[in-house]
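Accompanying notes for the structure given below.
The values are calculated or read from the model by the stated rules, or taken from the named source; none is laboratory data. Predicted, not measured: the structure shown is a model, and the values here were computed from it. Please note: Cβ atoms are built from the backbone with ideal geometry, for glycine as well, and neighbour counts cover all protein chains shown.
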2 protein chains.
Amino acid sequence: MAKQTSERATTAINPARQGGDICRIALIGFGTVGRAVAKILCESGAPSLRLTHICNRNVQRKKQDWVPADVVWTDDIESVLKSNVDIVIELIGGLNPAEQILRKALESGKSVVTANKQLIARCGPDLLQLAASKGCQLEFGASVAGGVPVIPALRTGLCGDRLHGIAGILNGTCNYILSRIENARVPFSEALEEAQARGYAEADASEDLDGGDARAKLAILALAGLRTRVEPESIRARTIRPVDAVDFDYAADLGCTIRQISRADLKEGTLFADVGPCLVPSDSPFGRVQRNLNLVLTSGQYGGDMAFLGAGAGGDPTAVAVVSDVMFVAQGLAGGKRDVASYVSTPGISSDFETPWYLRFFVRDQPGIVARLAQILADHHLNIDSLLQKPGFEKASLPFVITLEPCHDSQLHPALERMAGLDFAIRPCLCLPILR
Amino acid sequence: MAKQTSERATTAINPARQGGDICRIALIGFGTVGRAVAKILCESGAPSLRLTHICNRNVQRKKQDWVPADVVWTDDIESVLKSNVDIVIELIGGLNPAEQILRKALESGKSVVTANKQLIARCGPDLLQLAASKGCQLEFGASVAGGVPVIPALRTGLCGDRLHGIAGILNGTCNYILSRIENARVPFSEALEEAQARGYAEADASEDLDGGDARAKLAILALAGLRTRVEPESIRARTIRPVDAVDFDYAADLGCTIRQISRADLKEGTLFADVGPCLVPSDSPFGRVQRNLNLVLTSGQYGGDMAFLGAGAGGDPTAVAVVSDVMFVAQGLAGGKRDVASYVSTPGISSDFETPWYLRFFVRDQPGIVARLAQILADHHLNIDSLLQKPGFEKASLPFVITLEPCHDSQLHPALERMAGLDFAIRPCLCLPILR
């Protein structure tokens, strides 16, 4: 895959990466996400991926000792674009010079992975066209809902459907603020200040609050899922600023809460699109999304409705999206071949989870039952958490429940065997793990 | 991509499919899912995919008039495997002769897409290895949670993470029965009979109830997500049969409900795995899954937790998974090139959704406010659904709410403009769509 052999003696340093197709990767932008991407790439041990360049302003100050010694640190983007890298990861953000970098990379036949929301929202279709014309790939899974693999799912698992609707909670700042007002009934201004203090909102949060961020993401989802070209500015964006605590009181009377929802429906050749605060049923998927999580719902002609929930932002989740795209592109460069098989390990198998337990007995009632069961549990060092008995059952077939504090399966099993022999038990004890 | 030119004059019939790389597809198994797959392929209009063979026993009785005339209908699997197809879709299920068919197809360099859960659970790692050694692809996205693209997400959007846990509600039959007992407190036997009557359970439902189905799916998820080889039989499976209505009463006392959960955690080289009924908090994602839906949660070292929810089974959702895999393989055969750009349309954009509305006013209280607002709404043919006023606010700044029956944005807007001029309004009316 590498278009020329390495000019440096890297094989001695990384013997595991010899042989087969090696994919050479340049990282442009070494901020929070960039560092996390480099870390995952260096730790992944994927034999076919090799980070070769890290490019940033004042790069000498950014050097990290966990990066392999053969990686080139540079602040010269041109030299990276002229090098023999196969994949360029663009993480500098903004429109300029990111667009020029992407175009140059694609024009020189390099595939590109980017997390650049504004650029893809504005120029996605053109850049995809450019990539296709040059026979290379452009992936942007990290540009929307970083930790939620909705773009890859649209590109792969749902591409066989014909989607007609996408809706989502796409802005963590808005969702943090709205769910904070919901839960504490604080005024909007106080919730915003809290979000800023905790790093969930920027000093100037206009882009988030007024919908600019979410509509760029919606434009990307419409491109990837509904295959429509839409300028973000042509999507109506309504601000969440006027929403106040009293609105949550009224919404509650209507069985609802309030969320910033981004939605796009394709109907008879028109794309209906809107971003802004909406009332949603409290017990709906949207109503239950708390804090800075992201949720995306898709509706398809054949497959029906799907929901994706996860961390929307953050360095690590976004980096996972970037590295996943890199692996996907590398696989494409290798002709679609997967090396899953070579990764597969054969671990020992166990069912010996440590959990609290629910034990349900059906007994012929008689004095001393609880005492005898409790003694058996005590003999096996098992701690009772609660004892539950509902009234109104016949003494000949009386159900009652003991819950246990967390213990291993293997610890519980001998106690259950002793219980099975008790004369008052009229059914085997039902024993269920309690997942918290 | 087609290894030899077509021997039949198909280009005249399908002129749109000329040019570029054509991917020739054979469908083996023409039951519910097979028919849905054929339908989607025939309707998709994807220029690079061509269904060339449909293979089934007694195939003459199965012929459909919506299938293009140039498709070969045959009951001779060998002839299909010897033909020049690029991708074989295997939908006959079971281990035999499915395994032989897959092996022969892969050995002759054809890529394979399958929905065969038992086969992949047992032979997945070996078949993946065989595919890799032959330079072709094997995809099985439809083998787990058909309509939920979790396998493609593991393969693409999450492949950059290091996952350590997967848990899911993977069996629709069990979930239908358990959520039915939960909601109606019917005995287990009655819930089972209902599920059978409605087609959610087979006459012999042992494979579902006793966990055989779910543990095969868990083995596949462990392969795709945790990259571990595990024999389905080595995973403990506990039956849901002893769970009865009274257990939901006790579970409710503990804030829980009961679901069949399949879970696998990779810890220090051991795979902890279990399938069976568990108590889960009623307000947790698992606790809220009703009917025959599927939910899968993943936990990763970098990206944290993700949730996928959707239709688990059914012909159409499963067919979407199959067709998506076919498109993915075709893209791989085309060297990773995507033709998204060529699909992109540029629709008209509108924000004129039809929804019910929430209108919140802050007014200086005086007689006649409601009358004047109601008159404006009536003038614009807008129907009031409810009028809400919370007590305890000052008359100088009184909030109250009017909700409207569904109407278009464009219908509401002129009324809002008239309201903006009213002298008693001390803030602009807050106007939010109500999503149901």
ask   = Restricting attention to region A:44-85, which residues are within 31 Å of the chain's Cα centre (by Cα), under 13 Å from A:I25 (Cβ atoms) and either part of a strand (DSSP E or B) or small (G, A, S) (or both)?
value = A:S44, A:A46, A:S48, A:L49, A:R50, A:L51, A:T52, A:H53, A:I54, A:C55, A:V72
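Only one of B:P414, B:P406, B:P367, B:P391 is under 47 Å from the mean Cα position of the chain (by Cα), over 29 Å from A:S284 (Cβ atoms) and surrounded by fewer than 18 Cβ atoms within 10 Å (Cβ to Cβ). Can you tell me which? Step through it out loud before you land on a result.
On the way: B:P406 fails: over 29 Å from A:S284 (Cβ atoms); B:P367 fails: under 47 Å from the mean Cα position of the chain (by Cα); B:P391 fails: over 29 Å from A:S284 (Cβ atoms).
Result of the check over B:P414, B:P406, B:P367, B:P391: B:P414.
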note = Checked pairs for region B:153-174, first free of Cβ contacts under 8 Å to residues at least 24 places away in the same chain and closer than 18 Å to B:A321 by Cα, second surrounded by 24 or more Cβ atoms within 10 Å (Cβ to Cβ) and of a type in the set (G, A, S), C-beta under 7 Å and 6 or more apart or across chains, list as B:T156/A:S324; B:G157/A:G141; B:G157/A:A153; B:G157/A:A321; B:G157/A:S324
key: Leading residue by the ranking (farthest from A:R155 (Cα to Cα)) among those in region A:201-227 that are part of a loop (DSSP other than H, G, I, E, B) and within 13 Å of chain B (Cβ to nearest Cβ)   = A:G211
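Out of region B:175-200, which residues are part of a loop (DSSP other than H, G, I, E, B), touching a residue at least 40 places away in the same chain (Cβ under 8 Å) and more than 14 Å from chain A (Cβ to nearest Cβ)?
Pass one, region B:175-200, residues part of a loop (DSSP other than H, G, I, E, B): B:185-187, B:198-200.
Next, only the ones that are touching a residue at least 40 places away in the same chain (Cβ under 8 Å) stay: B:185-187, B:200.
Scanning region B:175-200 gives B:V186, B:Y200.
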message = Tell me the residue from A:E78, A:E99 that is modelled with pLDDT of 95 or more and within 17 Å of A:L138 (Cβ to Cβ), please.
response = A:E99
request  = List the number of the failed condition for A:F361; all other conditions in (1) more than 43 Å from the chain's Cα centre (by Cα); (2) crowded, with 16+ Cβ neighbours inside 10 Å hold.
outcome  = (1)
message = Which of the numbered conditions does B:A251 fail, given that it passes all the others? Conditions: (1) under 27 Å from the mean Cα position of the chain (by Cα); (2) within 26 Å of A:I426 (Cα to Cα).
response = (1)
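Could you tell me which of the residues A:S410, A:S350, A:S386, A:S397 is free of Cβ contacts under 8 Å to residues at least 60 places away in the same chain, within 14 Å of chain B (Cβ to nearest Cβ), among the small types (G, A, S) and under 30 Å from B:T156 (Cα atoms)? Write out each step before concluding.
Working: A:S410 fails: under 30 Å from B:T156 (Cα atoms); A:S386 fails: under 30 Å from B:T156 (Cα atoms); A:S397 fails: under 30 Å from B:T156 (Cα atoms).
From the options A:S410, A:S350, A:S386, A:S397, the qualifying one is A:S350.
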key: Residues within region A:272-307 that are over 20 Å from the mean Cα position of the chain (by Cα), closer than 30 Å to B:A38 by Cβ and more than 7 Å from chain B (Cβ to nearest Cβ), tallied   = 1
request  = Mind telling me which of the residues B:R198, B:R227, B:R180 ends up being basic (K, R) and surrounded by 21 or more Cβ atoms within 10 Å (Cβ to Cβ)?
outcome  = B:R180
query = Of the residues that make up region A:334-350, is at least one on the phi > 0 side of the Ramachandran plot and buried (at least 19 other Cβ atoms within 10 Å of the Cβ)?
reply = yes
ask   = Checking B:Y358 against (1) at pLDDT 95 or above; (2) at the interface with another protein chain (Cβ under 7 Å from one of its Cβ atoms); (3) under 30 Å from B:A224 (Cβ atoms), which single condition isn't satisfied?
value = (3)
task = Could you grab me the full set of residues in region A:111-127 that are within 14 Å of chain B (Cβ to nearest Cβ) and free of Cβ contacts under 8 Å to residues at least 40 places away in the same chain?
result = A:V112, A:C123, A:D126, A:L127
request  = Scan region A:230-244 for residues that are more than 8 Å from chain B (Cβ to nearest Cβ), buried (at least 21 other Cβ atoms within 10 Å of the Cβ) and among the β-branched types (V, I, T) and jot them down.
outcome  = A:I240
request  = Name the single residue, out of those in region A:96-142 being closer than 15 Å to A:V85 by Cα and among the hydroxyl-bearing types (S, T, Y), that is surrounded by the most Cβ atoms within 10 Å (Cβ to Cβ).
outcome  = A:S111
message = Would you confirm whether or not region A:151-166 contains a residue that is farther than 21 Å from B:Q331 by Cβ, of a type in the set (V, I, T) and not in a loop (DSSP other than H, G, I, E, B)?
response = yes
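Condition first: in contact (Cβ under 8 Å) with a residue 40 or more places away in the chain and either within 25 Å of A:L404 (Cα to Cα) or outside the structural domain of B:R185 (by TED's automatic domain parsing) (or both). Now tell me which residues in region B:220-241 satisfy that. Even if it seems obvious, please write down each step before you answer.
Filtering region B:220-241 down to residues in contact (Cβ under 8 Å) with a residue 40 or more places away in the chain leaves B:220-226, B:228-232, B:235-236, B:240-241.
Within region B:220-241, B:I235, B:R236, B:I240, B:R241 qualify.
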query = among the β-branched types (V, I, T) and either part of a helix (DSSP H, G or I) or free of Cβ contacts under 8 Å to residues at least 12 places away in the same chain (or both), is that true of B:I89?
reply = no
Residues of region A:141-167 satisfying the condition of being more than 12 Å from chain B (Cβ to nearest Cβ) and of a type outside the set (S, T, Y) = A:I166
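Could you identify the single residue in B:G314, B:G255, B:G304, B:G269 that is surrounded by fewer than 22 Cβ atoms within 10 Å (Cβ to Cβ) and closer than 29 Å to A:L359 by Cβ? Let's see the steps before the verdict.
Numbers: B:G314 fails: closer than 29 Å to A:L359 by Cβ; B:G304 fails: closer than 29 Å to A:L359 by Cβ; B:G269 fails: closer than 29 Å to A:L359 by Cβ.
From the options B:G314, B:G255, B:G304, B:G269, the qualifying one is B:G255.
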task = Report, by residue number, each residue of region B:315-326 that is within 7 Å of chain A (Cβ to nearest Cβ) and of a type in the set (D, E).
result = B:D316
ask   = Checking B:G312 against (1) within 7 Å of chain A (Cβ to nearest Cβ); (2) touching a helix residue (DSSP H, G or I) at 6+ places or on another chain (Cβ under 7 Å), which single condition isn't satisfied?
value = (1)
query = Can you name the residue in region B:11-32 that is modelled with pLDDT under 95 and crowded, with 20+ Cβ neighbours inside 10 Å and is also farthest from the chain's Cα centre (by Cα) among such residues?
reply = B:I22
query = In this structure, is B:A264 touching a helix residue (DSSP H, G or I) at 6+ places or on another chain (Cβ under 6 Å) and either assigned to a loop (DSSP other than H, G, I, E, B) or not assigned by TED's automatic domain parsing to the domain that holds B:I92 (or both)?
reply = yes
